[in-house]
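First comes the structure, then the notes that go with it.
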Amino acid sequence: MFFRKEFTLDLDLLEVDERKSTTFSFEDEGIIRVEIRRPTSEDERIGYTKNQLFCTAILETATDKEIAVGFEHLARNKMPNGHLADETRGGSVVDYIDDDGNIKENYIVNVELLPKNFQEFQSKIGSKLSDYVRRVAKVLRWRGNRKGHHNPIQSSRGFFWSFDKTDWRRMPNDAHVRISFDMIPQLDERLYFDIETMVAAGIDEPLAHTILREASNQIDKNPRSSLVLGIVAVEVGFKQLVGTLVPGAQWLVENVPSPPLTKMLTKYLPQLPAKRQFACGVLARHGQ
């Protein structure tokens, strides 16, 4: 069988033009070919530009009989044996699958409704193809001394499978949507007064909040940097809190090497004085 994954790359590679592509080959549980190319005229008609780079990874590999039969079922718009759609029957997510396991035309099955072994197979193949594309692009950039984003994969263009490398079908999708929103504060008289008073006094947004905001802005594109900045924000914020609650300790926490953050939060934070207390005292101090 054949499996294909396509991406757009954030990579400076002038040697690749519309007349040729660059292909790398590897052996890993089959043959993997990674091709880097420019958009075709057809790609340009749907919105891509000549200066973009596409990368396609194709794996040719043998599959065990049970997995192969599962793909044969999908080719006939039918759920594989042992599918999980019946377990969630009644939800809108399976409205496109009837009681006999038939899939409506032009619908892509959610991978979470497929048998567990099929889910594991798809995850393994998808991760392998993505890993080869990422490493080829990163090593190429490194050895060629090229600039670029730390993650050379800009976006995904799809994951496909085929019996003959000619008739390609989309893999069952595993897309998840993350929705986030911010609360918008009401600009009441108290808030107006606070802003005017703080700005007039030369007060700015605390450094910890600034770092945390920067970390939040990088969650999608730079998750590792986002995590590191988030931890730094917590540590800076904690030290600022100690300096506020225990003025005599401010110089120490800002200039002397600190214990691990987890230790400060679990051991030292409960010992800090509190400006406001509940009727029963400081909850953290009482272990409640």
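If only residues of region 31-55 that are open to solvent by 10 Å² or more (accessible area, probe 1.4 Å) and in a strand (DSSP E or B) are counted, the one that is farthest from residue 154 (Cα to Cα) is 31. Of the residues 132, 96, 107, which is exposed (fewer than 12 other Cβ atoms within 10 Å of the Cβ) and either within 29 Å of the chain's Cα centre (by Cα) or touching a residue at least 40 places away in the same chain (Cβ under 8 Å) (or both)? Answer to the selection: 107. The condition (being hydrophobic (A, V, I, L, M, F, W, C) and at pLDDT 90 or above) is satisfied by just one residue among 97, 46, 32: 32. Hey, any hits in region 194-202 for a residue that's open to solvent by less than 80 Å² (accessible area, probe 1.4 Å), at pLDDT 85 or above and within 34 Å of the chain's Cα centre (by Cα)? No; the residues of region 194-202 include none that is open to solvent by less than 80 Å² (accessible area, probe 1.4 Å), at pLDDT 85 or above and within 34 Å of the chain's Cα centre (by Cα). Of all residue pairs spaced 6 or more apart or on separate chains, those with beta-carbon atoms under 9 Å, a first member in region 243-265 that is over 19 Å from residue 228 (Cα atoms) and a second member that is hydrophobic (A, V, I, L, M, F, W, C) and open to solvent by 80 Å² or more (accessible area, probe 1.4 Å) are 243/251.
The single condition among (1) in a loop (DSSP other than H, G, I, E, B); (2) surrounded by fewer than 13 Cβ atoms within 10 Å (Cβ to Cβ) that residue 146 does not satisfy is (2).
The residue that is farthest from residue 276 (Cα to Cα), counting only those in region 252-263 that are open to solvent by less than 80 Å² (accessible area, probe 1.4 Å) and among the hydrophobic types (A, V, I, L, M, F, W, C), is 256. Taking the listed residues 60, 6, the one that is open to solvent by 70 Å² or more (accessible area, probe 1.4 Å) and under 30 Å from residue 138 (Cβ atoms) is 60, with no other qualifying.
Listed here are the residues, each with its yes/no results for (1) open to solvent by 40 Å² or more (accessible area, probe 1.4 Å); (2) farther than 30 Å from residue 153 by Cα; (3) modelled with pLDDT of 85 or more; (4) hydrophobic (A, V, I, L, M, F, W, C).
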{"residue": "212", "(1), (2), (3), (4)": "yes, no, yes, yes"}
{"residue": "219", "(1), (2), (3), (4)": "yes, no, no, yes"}
{"residue": "227", "(1), (2), (3), (4)": "yes, no, yes, yes"}
{"residue": "233", "(1), (2), (3), (4)": "no, no, yes, yes"}
{"residue": "239", "(1), (2), (3), (4)": "yes, yes, yes, no"}
{"residue": "250", "(1), (2), (3), (4)": "yes, yes, no, no"}
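The values are calculated or read from the model by the stated rules, or taken from the named source; none is laboratory data. Because the structure is a prediction, the values reported are computed rather than measured. Virtual Cβ from ideal backbone geometry, glycine too; neighbours counted across all protein chains shown. Accessible surface areas use protein heavy atoms only, side chains included; no ligands, DNA or RNA. Shrake-Rupley method; radii C 1.70, N 1.55, O 1.52, S 1.80 Å.
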